[in-house]
Amino acid sequence: MQLSNDLAALIGFACEAVLWGINVTLFFVSLAILRHRPLSDNINNPVIYLNCVIFLCCTTHFALEFNHFYTILNDTGVAGFANETSSLVGADFFISFTDLLGDFVLIYRCWMIWGKNYYIIVLPFLTSIGGFACIIATLDILLATNPNSPTPPPALVPLGLAAYTLPLCTNVMVTSLIVYRIWYTSRTIPDSPQIGQGATRHAMMLIIESGALYLLFQLVFVVLVAISNAAEAIVAVMAVQIYGIAPTLIIIRVGLGISSENTSQTVASTASSGLPAVHKTPVNQ
């Protein structure tokens, strides 16, 4: 049985509802942890502020989807549920905008790991901005040509594909840069008391895991968009909540003191100074 666009949109909304509930729970848990650790400087303010904005975007997206769900089912039923409306256009915008903010979190962490080196983040920054520009252009053309279509016309597929491939490239580049920085520095400073083999592997796994959620959903979504599969409607709305959950999990881990972020900061400070790492160096990721 072939999956219809309407059924895919309904399944996607149900999945997003579950993920939004998880996102809300984790977000307030992170706030509670931060509230009870007011003196902790383990998390930079930009990351916290960005995470709050991401959560608001995730909630706004779900609210738009819920409004569409209630309105369309009440007026016409399941038939035509996937057709584009003003609410869905706004929701589509927030998918890419939330993705952009999530990329900024990763880019900021990469910038910190590499000793605030601006050159290292130029290409990831450009690809993230380029992807967002492509989705804005796609939405604009879609509204001007066929605003009620549940999927973009074939002529727009390359532009839409670029809109999601570029952020995927951003994630791959940034995560690879962070992992390489920790791995390389830990090899060049093997006697550092803070950077042992176990701690290094743990830090690398944390960074890989923090990008794995992005990579998984972005990769699957790009493939589905490329083959024009109706299941893209399921993954797209789920992804926006994943963009909120991933950075929140990092904040929770750091707040609880079970993160290896301090290893990353120690690597960066040690590499820039050429001195042995100090055990009490705080985390600023």
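What are the residues whose amide H is under 5 Å from the amide H of E84, where those residues sit 5 or more places off or on another chain and H is modelled from the backbone?
The list, which skips near neighbours in sequence, is S149.
For R181, R253, R35, R109, which order do you get if you count the other beta carbons within 10 Å of each Cβ and list the fewest first? Don't jump to the answer; show the numbers that get you there.
On the way: R181 21, R253 18, R35 9, R109 26.
Fewest-to-most ranking of R181, R253, R35, R109: R35, R253, R181, R109.
Test of the criteria: in region 58-144, which chymotrypsin sites (Phe, Trp or Tyr not before Pro) are in a DSSP loop and have at most 13 other Cβ atoms within 10 angstrom of their Cβ?
Details: sites: F62, F66, F69, Y70, F81, F93, F94, F97, F104, Y108, W111, W114, Y118, Y119, F125, F132; in loops: F81, W114, Y118.
Sites meeting the loop and neighbour criteria: Y118.
How would you rank L256, L166, L7, going from fewest to most other Cβ atoms within 10 Å of each one's own Cβ? Intermediate values should be presented prior to the final figure.
Numbers: L256 13, L166 22, L7 17.
Ascending number of Cβ neighbours within 10 Å: L256, L7, L166.
What does the charge count around L139 come to, taking other residues whose C-beta lies under 13 Å from its C-beta (Lys +1, Arg +1, Asp -1, Glu -1)? Present the calculation step by step, with values, prior to reporting the outcome.
Details: positive: none; negative: E84, D92, D140.
Result for the local shell: -3.
Please arrange H68, H61 by how many other C-beta atoms lie within 10 Å of their C-beta, fewest to most. Display every interim value, and only then the final one.
Numbers: H68 22, H61 25.
Starting with the residue having the fewest Cβ neighbours, the order is H68, H61.
Since every read-out is calculated from the coordinates, none of them should be taken as a lab result. Being a predicted model, the structure only gives us computed values, none of them experimental. Note: ideal-geometry Cβ built from the backbone for every residue, glycine included; neighbour counts use all protein chains shown.
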